[in-house]
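What follows is a single structure, written as structure tokens, with notes after it.
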Amino acid sequence: MSASISGFSKLSKTKKIDWIVDTYFSNSEDAKSILKQYWNNDVKLQQLHDEFIENTISNYYLPFGVAPNFLINKKIYTIPMAIEESSVVAAASKAAKFWMDRGGFKTKVISTTKIGQVHFMFYGNVDKLKKFFKTVKPKLIKDVASITKNMEKRGGGIIDIELRDKTKDINGYYQLHVSFETLDAMGANFINSCLEQFAKTFKNEGLLFDGFSEEEKNIKIVMSILSNYVPDCLVRAEVSCKVEDLNEDKNITAEEYASKFIQAVNIAEVEPYRAVTHNKGIMNGIDAVVLATGNDFRAIEAGVHAYASRHGKYSSLSHAKVENGIFTFWMEIPLALGTVGGLTGLHPLVKLALELLHHPSAKELMQIVAVAGLAQNFAALRSLTTTGIQEGHMKMHLMNILNQLEANNEEKQIIIERFKTQAISHSAVVDAIHNLRTKN
Ligand code: MEV
């Protein structure tokens, strides 16, 4: 049954739940108890979560795990990860250990510039618009002084404002294209507040500008918003070792292994169908850390995939080569992250995650997150080009199957032991549990 309701957001939480369960569920008591099962007993903590968004009726849990032994620029980290996919944390830990013994990860922040735009329409003379922009630019900056004051004190703020002519794409379309340095803040609120003030000043000053005709004075602001495309907020992560040190797998020589690995990366560089899955594996690591540290994974996803298409064709984010007997595997990706503001000071688990990472600056977090992505990609490619992905994946997925079959702890132990030497499939586990239960 479907139903609509007006004034839902004004109802109490209890009333909201009553309406939901009565309207949509055949067993309303069951539905209610599932929703309530996830409430936190700590009333203050629950209220905090209730107030993150509108219409909270329960909490949605994800596992919060850690991957230890990450050696990054000679410092060891244990990386927090929030993710539901069975094999991700295990794969990250394995890759971390592998590279710990081979010099670890090397990272570098290349740039930290973020972008915001005021999109507007102007149908007059472009030279007059350019003249107006030159005249008004100091006032644009002056009018955001109260917003930028604190950021400037810390060394950040507005880097530049450019007037961009986009009339080739849309008749009358121009932008104020603004670059920002937001230091340890992701900066969305800061950037958007500045942009909205720029738009106001730009519009109002346009009305007063003597150089415009009456018609030209009427600049039409369309919208003001930051961009999640941040190709100049870039970080590089890299691992390298002698080819002979890749000698982990007895079934394949180190040289064959390096060459197969590089082929796999090359395929992702030229073939979009593969590149999307290849990059999805990278995002398994990236999103998990981004989420655990209270950052906006949708913004990161959007920006990273746009970057992967920057040459006009979707391609691999990572690259690999062998030169002079040295295997190198690396990635450069755009990551606009924050370690202050937003959820970082609010969500207790996010605070804990940041403490676990030694209270990183945004630049440090960019490097840690990039490493988690590269490690994940390394682990996936290593499995794909040797044993295949299913062996490790099913090992981790075994517990999900056992839980689906409501196995008790004793059954779990027996089955896990049995499948150490046997290929795991859903039906094989069902059979094994069935046999076990009929025997007893
Ligand atoms: C699964 O979540 C991610 C992989 O498909 C990534 C890849 O294929 O490289 C294993």
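The values are calculated or read from the model by the stated rules, or taken from the named source; none is laboratory data. Source: prediction; values computed, not measured. Methodologically, a virtual Cβ is constructed for each residue, glycine included, from the backbone with ideal geometry; neighbour enumeration extends over all protein chains shown. We work out accessible area using only protein heavy atoms, side chains counted, and drop any ligands, DNA or RNA first. Shrake-Rupley method; radii C 1.70, N 1.55, O 1.52, S 1.80 Å.
Quick look at the values:
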| read-out | value |
| --- | --- |
| In order through the stretch 342-358: 3J(HN,Hα) via Karplus (6.51 cos²θ - 1.76 cosθ + 1.60), integer Hz, x for Gly, Pro | x, 6, 4, x, 10, 7, x, 6, 5, 4, 5, 4, 5, 5, 4, 8, 6 |
| Extended-chain gain in nm, criterion 0.36 nm per residue less alpha-carbon gap, LYS220 and LYS10 | 72.0 nm |
| Cut-off under 5 Å, modelled amide H: who pairs with ILE72 long-range | TYR77, PHE105 |
| 5 angstrom amide H check on MET81, placed H, neighbours 5+ away | GLY65, VAL66, ALA67 |
| Relative contact order %, the chain, counting alpha carbon pairs below 8 Å whose residues are six or more apart | 17 percent |
| FRET efficiency, 1/(1 + (r/R0)^6) with R0 30 Å, evaluated for ASN408 and ALA31 via beta carbons | 0.70 |
| 3J(HN,Hα) from dihedral phi, the stretch 71-87, Karplus parametrisation 6.51/-1.76/1.60, rounded to Hz, x for glycine, proline | 9, 10, 6, 6, 10, 8, 10, 10, 9, x, 9, 10, 6, 9, 6, 3, 8 |
| For the chain: rounded, prolate or oblate by the Cα gyration tensor [a/c cutoff 1.5] | oblate |
| Protein accessible area in the stretch 378-440, 1.4 Å probe - carbon and sulfur % | 51 percent |
| The stretch 96-141: chymotrypsin sites (Phe, Trp or Tyr not before Pro) in DSSP loop, at most 15 other beta carbons within 10 Å | TYR123 |
| Residue with peak Gaussian network fluctuation, the chain [Cα springs, cutoff 10 Å], from ILE53, ILE159, ILE72 | ILE53 |
| Spin-label pair ASN41/TYR173, simplified geometry with 7 Å Cα→Cβ offset, distance in nm | 5.7 nm |
| Over the chain: helical MRE at 222 nm, DSSP H runs n ≥ 4 each giving -39500 (n - 2.57), nearest 500 | -15500 deg cm²/dmol |
| For the chain, built as a Gaussian network whose Cα springs stay under 10 Å, the top-fluctuating residue of ILE161, ILE262, ILE34 | ILE34 |
| Full-extension gain in nm, LYS130 to LYS351, via 0.36 nm per residue minus C-alpha separation | 74.9 nm |
| DSSP-defined beta bridges in the chain - what % are antiparallel, rounded to 5 | 95 percent |
| In Å², nearest 10: area of ARG164 left accessible to a 1.4 Å probe | 90 Å² |
| Aspartates and glutamates with Cα under 15 Å of LYS153, excluding same-chain neighbours fewer than 8 positions away | GLU181, ASP184 |
| VAL430/GLU248 FRET efficiency (R0 51 Å; Cβ-Cβ; nearest 0.05) | 0.90 |
| Residue-by-residue Karplus 3J(HN,Hα) for the stretch 94-102, coefficients 6.51, -1.76, 1.60, Hz, glycine and proline x | 5, 5, 4, 5, 4, 7, 4, 7, 10 |
| Neighbour-limited loop hits for GluC sites (Glu not before Pro), the stretch 380-440 (at most 16 other Cβ within 10 Å; DSSP other than H, G, I, E, B) | GLU406 |
| DSSP-loop trypsin sites (Lys or Arg not before Pro) across the stretch 48-111, with at most 12 other Cβ within 10 angstrom | LYS74 |
| Other-chain or far-sequence residues with amide H under 5 Å of SER227's (modelled H) | ILE115, GLY116, GLN117 |
| Long pairs among LYS108/LYS128; LYS114/LYS200; LYS128/LYS313; LYS220/LYS351, criterion Cα-Cα beyond 32 Å | LYS108/LYS128; LYS128/LYS313; LYS220/LYS351 |
| Accessible surface of the stretch 203-362, 1.4 Å probe, proportion on carbon and sulfur as whole % | 55 percent |
| Cβ-Cβ FRET estimate between LYS321 and ASP232, R0 fixed at 30 Å, reported to 0.05 | 0.75 |
| Percentage relative contact order, the stretch 338-440, counting C-alpha pairs under 8 Å, at least six apart | 19 percent |
| Å² per residue, accessible surface of the chain at 1.4 Å | 53 Å² |
